[in-house]
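*Asks:* Dropping the structure in here first, questions after.
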């Protein structure tokens, strides 16, 4: 088997939007992402607006574009936070699709630009108590 150098993790995901300011507000209001000051200089010309979750571990790079939506981004969650996300999205009237995968639970939703997103938890039994 061939050995490969180690990958540390996913650094960021490109998300294509038609309006950066509107997208910045949506990702802040619905997912709690905030602009990353250190990367503010990139948000000029064709560069992205880089945003991160409150832990600073999950980064998205918003690009103004007329491109079709990106692939789905699947965010991880504990079972407890998964239930909290469900309640939060319901309070915002955000349309979600909940799926029991047998080993995990996922909720699927779209941003206003048609980008697909998912929140997944492997705390299957925890969520099952609330959803079945």
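*Asks:* I'd like the antiparallel share, as a percent to the nearest 5, of DSSP beta bridges with both residues in the chain.
*Replies:* Details: 16 of 25 bridges.
Once the DSSP bridges in the chain are tallied, antiparallel ones form about 65 percent.
*Asks:* Another one. Please work out how much length the chain gains when fully extended from residue 123 to residue 81, using 0.36 nm per residue of separation minus the C-alpha to C-alpha distance, in nm with one decimal.
*Replies:* Working it through step by step, the gained length comes to 14.1 nm.
*Asks:* Based on the alpha carbon coordinates of the range 54-110, what radius of gyration and maximum Cα-Cα distance (Dmax) apply, in Å?
*Replies:* Radius of gyration, then largest Cα-Cα span, for the range 54-110: 13.5, 38 Å.
*Asks:* Take the alpha-carbon positions of the chain, form their convex hull, and give its projected area averaged over all directions (one quarter of the hull surface) in nm².
*Replies:* So the mean shadow area of the Cα hull is 10.4 nm².
*Asks:* What percent of all Cα-Cα pairs in the range 11-67 falls in each 10 Å bin, counting up from 0?
*Replies:* Histogramming the range 11-67 at 10 Å steps yields 26, 62, 12, 0 percent.
*Asks:* So, one more: Quick one: of the DSSP bridges fully inside the range 68-132, what percent are antiparallel, nearest 5?
*Replies:* 70 percent
We did not get these values from a lab; they are worked out from the coordinates using the rules stated. Not measured: the values here are computed from a predicted model.
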